[in-house]
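Please treat every number below as a calculation from the coordinates, not as lab data. Note that this is a predicted model, so its numbers are computed, not measured. Positions of Cβ are generated from backbone atoms using ideal geometry, with glycine treated the same way; all protein chains shown enter the neighbour counts.
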Amino acid sequence: MELYELTAHELAELIRTRKASAAEIARSFAGRIAEKEDAVKAYITVTEDKMLQAAEETDRLAAAGELLPPLAGVPCAVKDNMSTAGVRTTAASRILENYVPVYNATAVEKLEENLIPMTGKANLDEFAMGSSCENSAFFPTRNPWDLSRVPGGSSGGSAAAVAADECAFALGSDTGGSIRQPASFCGIVGVKPTYGRVSRYGLLAFASSLDQIGPMTKDVEDAALALNVICGRDVMDSTSLSAEAPDFTKALTTEIKGMKIAVPREFMEKGIAEDTKGAVLAAMKHYEELGAVVEYVSMPNVGYGLPVYYIIAPAECSSNLARYDGVKYGHRSPLSRDTFSMYKKSRTEGFGPEVKQRIMIGTYALSAGYYDAYYLKAQKVRTLVKNDFEKIFSEYDVIISPTAPDTAFGIGEQTDDPYTMKLADICTIPANLAGIPAMSLPCGFDGKGLPIGLQIMAPALGEEVMLRAAYAFEQTSDFRKKPAFPGGNK
Amino acid sequence: MKYDAVIGMEVHVELSTRSKMFCGCRVDFGGEPNTRCCPVCTGMPGSLPSVNRRAVEFMLKAALALNCKINYENYFHRKNYYYPDLPKNFQTSQYDSPIGYNGYLEINSGGKTKKIAILRVHMEEDTGKLLHVEGGKSLVDYNRSGTPLMEIVTRVPAPEGYDIIENAEEAREYVQRLRQLLVYLKISDCRMEEGSMRCEPNISVRPAGSDRLGTKTELKNLNSFRVVHLATDYEIKRQIACLEEGEKIVQETRRWDDARDETTIMRTKESAQEYRYFPEPDLVPIRLSEEYVEEVRSQIPELPIPKRDRFVKDYSLPLTDAEVLVDDPSLADFFDRTAAMVKNPKAAANWIMTELLKLVNESGRPLAECGIKPEDVKAVLELMDSGKINRNAAKQVFAEMFATGKAAEAIVKEKGLEQVSDTSSIEECVDRILAANPKEVQRFRDGEAKLMGFFTGQVMREMKGKANPAVVGKILKEKLG
Amino acid sequence: MLTKQDIEAIAHLSRLEVGEDAEKLTEQINKLLDDFASLQAIDTSEIKPTSHAVPMYNVFREDEVRPSLSPEDVIKNGPDTMDDAFVVPRIVDTD
């Protein structure tokens, strides 16, 4: 067994008991990255030296008898849309190809405070817009389970890095499913916390009212540990919640007798692949066997989530991405004769087609005369979606559903039409609209041997009950496997 | 034909908070470029705003002092437009929920009081600054970016019982009154020359009596009260001349050209700007409680107009004197404290407006830093009242007090300025002067009455200014009579 | 239905050039707008809009000065800089 194969909590245990040094662990991951990166291409930037230095520092502090934070020395990948001081941060866009921030995102700062070495900056769909990682301006990332398939997105690099053991865990961001869907495609655990649990300060904004940072891990316990690191109020983010973040590991018991679980029919109908449906049905049965009460429910407005999301997200993005103009950072077109051509040429050259289309849709949705019909309407229907959840959560502890309608698709299969409402997002988007926590964990494999994800959603600030439901399932089932991709572990 | 002018006024005021509206960078004027900047106020990717509590308090205070209704639920919106001085290419501002609305400000116009209707008072952030350099390029400095900015807009047309600004005099009076109010509230230094107060009148004219508004032009870059007056006046006359010539007024933005004393075109506004306002998702709403609003209201000091009226009533001052005294809050306070302890507040007012202001102006320092106290004015006035020193000596004594901080009595003693009222020594001196000027004595006796001043001057000089002028006059009259 | 001219106007507002993609874009965006049509049928007259998923009020920062960046850091990523300031080409005003 190699060190890189272990979970974060296993590695943390080795460090705590001095059975492995942080430097040994870091070197193990450096070797693994060197070995696998050419095939997987999970990283835009690998920060090997920085990782090794941070690990050595951890060892020094340990040798000096310092009490180490729980995940000290456990290497983590960071999605390349989080600001890292001194480390290039591109959002997988040409417009930021050479941008080196001078400040750390709060989540990144917390990793550093917790002595967590960073392996590198993980690939994504440009500015987190997409669900396959093919919209990266640099290269697509490949799914470690099948290199001809996508890892999902937008946090595809983070998911692939975790699945390929190129890091112990990773940070992703989720605007409409960008953590959960790739976690599902890559057979790992991905958590989108309650909106405001994790500071967004330093996260390159896509849609401010939907974006949330979260952990992508090898198991549920790792997710709880990672949440302990990154959650908490931040004065730099006015939308970060004042509620104290609990010790999430305390929620990890397998005792779920009497837990009430809702399964909305709307999530099990349209376009759900047979194998996926079968795995979710099996999971429902499994929960019943564990003593939970599982019932079908209806969420009549949840289907509107898709058009609502496809208006709100581009509207916010059109404003958030206005700052990329060639003045202060990033690409400035050589054709900038005056400020007007500077804006137009720099942005046209710098943004990819999907990003441009979203900006335009959003610009249109916000313009005078259309605001009420689109943006305001979408925000009102968003209230209806939220109300649906509130109604269900007044009676049920958690909601389960498939994370994605199907397993990982092939690279190039869905790129013809760069921007259409994707049914693939239908299960994940509603949680972002409602601001509630949601996660994906492995619950089976399809006929091609590709992992299937189970989504668990909980009311706002209900991460603990969500984690408990996930932990109980994980500990009593056997779906946490390693990808046997070409040149895999075996 | 006769024309009426309709003037709307948009004023932007930078608040004198310690830190910026949405980040902790220091608020200040000038300085080396980009020295008061951080990821937030330069719009670095990933940065987020957080609202300065005191900035909200300041703007609430202004809204209350401008007699506005208060929005208890406040939202920020994003105003989207591209300009290099705007780092995020959107300005965080208030849109449909200004903190204050439907208020008024009292001004004087030709001896009458007008209540100028105010439409809204809202919160926003200032932009950076552009410095144009050779080659048509510009340097961008974000030091000013994110400074808390308050926008105050008048309401045109005004509702029943309220007024609009109708001429250049009133335009100047309005901005001066506004400045005075904000300085009293201690929320801005309102320095027009430094741009911490910026006035943008929009002007249209229409045939007298018509109730249809004409096409308006907007004036920018007015950097003093004088220029507000000049430019507004010029623009009204220009528009009337245009209409008289049968030309159309074009909706445009014009600037004041100081060298040519005229307004010149800056840009034409072809269409309404498409700002794509939407609620700022990075900030949460501000809910003001009634208790909080009342607490802020209770912190508002006595404002210039009530203060002026009190000075007139309580101290029997002429209105014009009261206006001069209330113009600057520290001067008003100085007078108030002096007046409360002297027998004759009118005399104190005169002394403060002439002697004190002259010395303060010469010193080039603000009154508060001059070290002179109301007690000092009282002491000098009392010495004069009791006949111990005459007015000339009093000026000398006061100047010395101002410069050195010494007590009045001590200066009088040290310089021997005590007034001489003793008849015999004055008589002696008068005799000497008359004896030394026989020709003038003759001319006086022949009817040249104005020579009395000459004799008085000679005596005062001989006695080093210490003689009691009343006694000198009496003796001269006796001797020459 | 948006026309090609509409798309060009939106591109202009977005400070983007669409060039020869204009027609394809028009088609794609119109298709998306069709997908949005389902929302118009919903009665939302009594519904308040949600701008923030988790309702919060009155989040303030105290008026305290925090250290600024050095001017070198402020302009570090500037494509064109001079004297600790960003340099931009000739400014043209457009709506």
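Search the structure for amide H atoms under 5 Å from the amide H of A:LEU461, placed 1.01 Å from N in the peptide plane, and list their residues when 5 or more places away or on another chain.
A:THR194
List the residues whose amide H sits under 5 Å from the amide H of B:ALA467, counting only those 5 or more places along or on another chain, with H placed 1.01 Å from N in the peptide plane.
Answer set, sorted by chain and number: B:VAL420.
Between segment B:384-457 and segment A:61-84, what is the separation of their alpha carbon centroids in Å?
88
Need one value for C:23-33: mean number of C-beta atoms belonging to other chains within 10 Å of its residues' C-beta atoms.
Per-residue shielding by partner chains comes out at 4.
To the nearest 20 Debye, how big is the dipole of the protein assembly as shown about its Cα centre, given +1 on the beta carbon of each Lys and Arg and -1 on that of each Asp and Glu?
I would put it at about 2440 debye.
Taking neighbour counts of Cβ atoms within 10 Å as a proxy for exposure, in what order, fewest first, do B:THR253, B:THR320, B:THR42 appear?
Ordered by Cβ neighbours within 10 Å, fewest first: B:THR320, B:THR253, B:THR42.
³J(HN,Hα) across segment A:129-146 via Karplus (A = 6.51, B = -1.76, C = 1.60, θ = phi - 60°), whole Hz, x for Gly/Pro?
My calculation for segment A:129-146 gives 9, x, 9, 9, 6, 7, 7, 5, 6, 9, 5, x, 8, 10, 7, x, 6, 6 Hz in order.
Roughly how big is chain B's charge dipole about its Cα centre, with Cβ charges of +1 (Lys, Arg) and -1 (Asp, Glu), in debye to the nearest 20?
580
Please give the FRET efficiency for C:ALA22 paired with B:ARG267, using the beta carbon to beta carbon distance and R0 = 30 Å, rounded to the nearest 0.05.
The computed FRET efficiency comes out at 0.60.
Dipole magnitude of segment B:391-481 about its Cα centre, charges +1 at Lys/Arg Cβ and -1 at Asp/Glu Cβ only, in debye to the nearest 20?
260
Considering only A:GLY350, C:SER51, B:PRO33, whose Cα is most displaced toward the positive end of the charge dipole of the protein assembly as shown, charges sitting on Cβ of Lys, Arg (+1) and Asp, Glu (-1)?
B:PRO33
First select every other residue whose beta carbon is under 11 angstrom from the beta carbon of A:LEU147; then total the charges, Lys and Arg +1, Asp and Glu -1.
Neighbour charge sum, excluding A:LEU147 itself: +2.
How would you order A:452-458, B:387-393, A:384-390 from highest to lowest mean count of nearby Cβ atoms within 10 Å?
A:452-458, A:384-390, B:387-393
Would you be so kind as to identify which of B:GLY473, B:GLY457, B:ILE426 lies farthest towards the positive end of the dipole of segment B:423-480, taking Lys and Arg as +1 and Asp and Glu as -1 on Cβ and the Cα centre as origin?
B:GLY457
Mind ordering A:230-243, B:157-170, A:156-169 by average Cβ neighbours within 10 Å, highest first?
Ranked from most to least packed, the peptides come out as A:156-169, A:230-243, B:157-170.
Search the structure for amide H atoms under 5 Å from the amide H of A:ASP146, placed 1.01 Å from N in the peptide plane, and list their residues when 5 or more places away or on another chain.
none
Could you check what % of the DSSP bridge pairs in chain A are antiparallel, to the nearest 5?
65
Quick one: helix B:374-385 against the long Cα principal axis of chain B, what's the angle to the nearest 10°, folded into 0 to 90?
30
Work through the residues other than B:ARG172 whose Cβ is under 12 Å from its Cβ and net out their charges, Lys, Arg +1 and Asp, Glu -1.
-1
In whole angstrom, how far apart do the alpha carbon centroids of segment A:95-156 and segment B:346-380 sit?
68
Beta carbons within 10 angstrom, averaged per residue: use that to sort the peptides A:437-446, A:49-58, B:336-345, highest first.
For the peptides A:437-446, A:49-58, B:336-345, the packing ranking is A:437-446, A:49-58, B:336-345.
For segment B:3-295, what class follows from the C-alpha gyration tensor (a ≥ b ≥ c being the square roots of its eigenvalues): rounded when a/c is under 1.5, otherwise prolate if a/b is larger than b/c, else oblate?
Judged from the Cα gyration tensor, segment B:3-295 comes out oblate (a/c at least 1.5, b/c at or above a/b).
When the Karplus curve 6.51 cos²θ - 1.76 cosθ + 1.60 is applied with θ = phi - 60°, which whole-Hz ³J(HN,Hα) does each residue of segment A:65-71 get, with x for Gly and Pro?
x, 5, 7, 8, x, x, 9
Within the set of other residues whose C-beta is less than 9 Å from the C-beta of C:PRO71, count the net charge using Lys and Arg as +1 and Asp and Glu as -1.
-4
How far apart, in nm, are the 7 Å Cα→Cβ label points at A:GLU413 and B:ASP431?
Reported label-point gap for A:GLU413 and B:ASP431 is 13.1 nm.
What residue among A:GLN414, B:PRO207, A:CYS133 has its Cα farthest toward the positive end of the dipole of the protein assembly as shown, where the charges are +1 on Lys, Arg and -1 on Asp, Glu, each on the Cβ?
Positive-most Cα among the choices belongs to B:PRO207.
Using square roots of five times the C-alpha gyration tensor eigenvalues, list the equivalent-ellipsoid semi-axes of segment A:194-278 in whole Å, biggest first.
Three semi-axes, in Å: 28, 20, 13.
With the contact rule set at Cα under 8 Å and sequence spacing of 6 or more, what percent relative contact order holds for chain C?
17
Evaluate peptide A:346-354: per residue, the Cβ atoms of other protein chains within 10 Å of its Cβ; return the mean as an integer.
So the per-residue partner count for this stretch is 2.
Taking a ≥ b ≥ c as the square roots of the eigenvalues of the Cα gyration tensor of segment B:326-397, is the shape rounded (a/c under 1.5), prolate (a/b larger than b/c) or oblate?
oblate
So what are the ³J(HN,Hα) numbers for segment B:365-371, from phi and the Karplus equation (6.51, -1.76, 1.60; θ = phi - 60°), rounded to whole Hz, Gly and Pro as x?
These are the phi-based 3J(HN,Hα) values: 10, x, 3, 4, 8, 7, x Hz.
How high is the relative contact order of chain A, given as a whole-number percent (alpha carbon pairs under 8 Å, six or more residues apart)?
Averaging sequence separation for qualifying contacts and normalising by length gives 17 percent for chain A.
How much of the DSSP bridge set in segment B:3-295 is antiparallel, in percent, rounded to the nearest 5?
Of the beta bridges lying entirely in segment B:3-295, close to 95 percent run antiparallel.
Take the alpha carbon atoms of segment B:15-31, find their center, do the same for segment A:245-266, and report the distance between the two centers in whole angstrom.
Centre-to-centre distance over Cα atoms comes out at 48 Å.
Per-residue mean of other chain beta-carbon atoms within 10 angstrom of the beta-carbon, peptide A:305-313?
Average per residue, whole number: 3.
Assign one of three labels to chain C, namely rounded, prolate or oblate, based on the Cα gyration tensor with a ≥ b ≥ c the square roots of its eigenvalues; rounded applies when a/c is under 1.5, prolate when it is not and a/b is larger than b/c, and oblate otherwise.
Oblate, since a/c reaches 1.5 and b/c is not below a/b.
If you count the DSSP beta bridges with both ends in the protein assembly as shown, what percent of them are antiparallel, to the nearest 5?
80
Between their Cα atoms, which of A:LYS356/A:LYS377; B:LYS79/C:LYS48; A:LYS192/C:LYS24 are more than 29 Å away from each other?
Pairs exceeding the cut-off: A:LYS192/C:LYS24.
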